[in-house]
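Notes follow the structure.
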Amino acid sequence: MTTEVAPEYVKKRVLILGVGNTLFGDDGFGPATVDYILKNCKIPDDVYVMDAGISAGELLFTIALSQERPEKIIVIDAVDVKKRPGEIFEIHIEELPENKTSDFSLHLFPSTNLLKEIRDQLGVKVTILACQAGKIPKLVNPGLSIPVQKSIPKAAKVALELAESTNS
């Protein structure tokens, strides 16, 4: 009989997930920010930072089924809610634009439902740290727009501040 060993990311107090597809312009903001954090920032011992890419759903499913789970999940993602490109802000799951919740080609479907369930049924604090996208092309076109690229250090700082705080 084999016993499953829980992955390290479910055992930490806080999980920071960068989500997005680096092949589609500013949609790669989440992975780029995680890369920046891993290379340039001091990460507390109780925080796990991970590039989820387009596999957020699988990771969240593992968390939902795990006996252990983080107290807090911080999702870093690019969205289009008609703000200034590169602007960093928090957004509630319910406020995610329709194309993030219902388009099969985007990485958050059906992850938004899993995030809600993890938050509502399992009591995990979920924060979405968003960046207003400048360009998310329909065809493969890697590379972040300049405003989004410039916002990465700020997003990294905010994500780590959110990880450190106990009430947000």
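Data overview
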item	result
DSSP beta bridges in the chain [antiparallel fraction, %, rounded to 5]	15
Area accessible to solvent at residue 89, 1.4 Å probe radius, in Å²	30
Phi-based couplings in Hz for segment 46-62 (Karplus 6.51, -1.76, 1.60; Gly and Pro marked x)	9, 10, 10, 10, 9, 7, 8, x, 9, 10, 4, x, 4, 5, 5, 5, 4
Estimated distance in nm for a label pair at residue 6 and residue 46, the labels positioned 7 Å out from Cα along Cα-to-Cβ	1.5
Charge sum, other residues only, whose C-beta stays under 15 Å from residue 84's C-beta, Lys/Arg counted +1 and Asp/Glu -1	+2
Given 39/116; 72/154; 72/157, the pairs whose alpha carbons are separated by over 26 Å	39/116
Whole-Hz ³J(HN,Hα) from phi, Karplus 6.51 cos²θ - 1.76 cosθ + 1.60, for segment 146-157, glycine and proline x	4, x, 6, 4, 5, 8, 4, x, 5, 4, 4, 4
Accessible area in the full protein assembly, largest first, 1.4 Å probe, for 77, 120	120, 77
Proximal charge balance of residue 42 [Cβ under 14 Å; K/R count +1, D/E count -1]	-2
FRET efficiency, 1/(1 + (r/R0)^6) with R0 25 Å, evaluated for residue 84 and residue 62 via beta carbons	0.10
Carbon plus sulfur fraction of accessible area for the chain, probe 1.4 Å, in percent	53
Shape metrics for segment 35-96, restricted to C-alpha atoms - Rg then Dmax, Å	13.9, 41
Accessible area (Å², 1.4 Å probe, nearest 10) - residue 69	70
Percent breakdown of C-alpha pair distances by 10 Å bin, ordered from the shortest bin, for the chain	11, 43, 35, 10, 1, 0
Calculated from backbone phi, Karplus (6.51, -1.76, 1.60) coupling profile of segment 10-26 in Hz, x at Gly/Pro	7, 8, 7, 5, 10, 10, 9, 10, x, 10, x, 10, 5, 7, 10, x, 5
Surface per residue (accessible, 1.4 Å probe) for the chain, Å²	52
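The values are calculated or read from the model by the stated rules, or taken from the named source; none is laboratory data. Note that this is a predicted model, so its numbers are computed, not measured. Don't worry about glycine lacking a Cβ; one is built from the backbone with ideal geometry, like all the others, and counts go over all protein chains shown. Areas reflect the complete protein model, heavy atoms only, side chains present, ligands, DNA and RNA absent. Shrake-Rupley method; radii C 1.70, N 1.55, O 1.52, S 1.80 Å.
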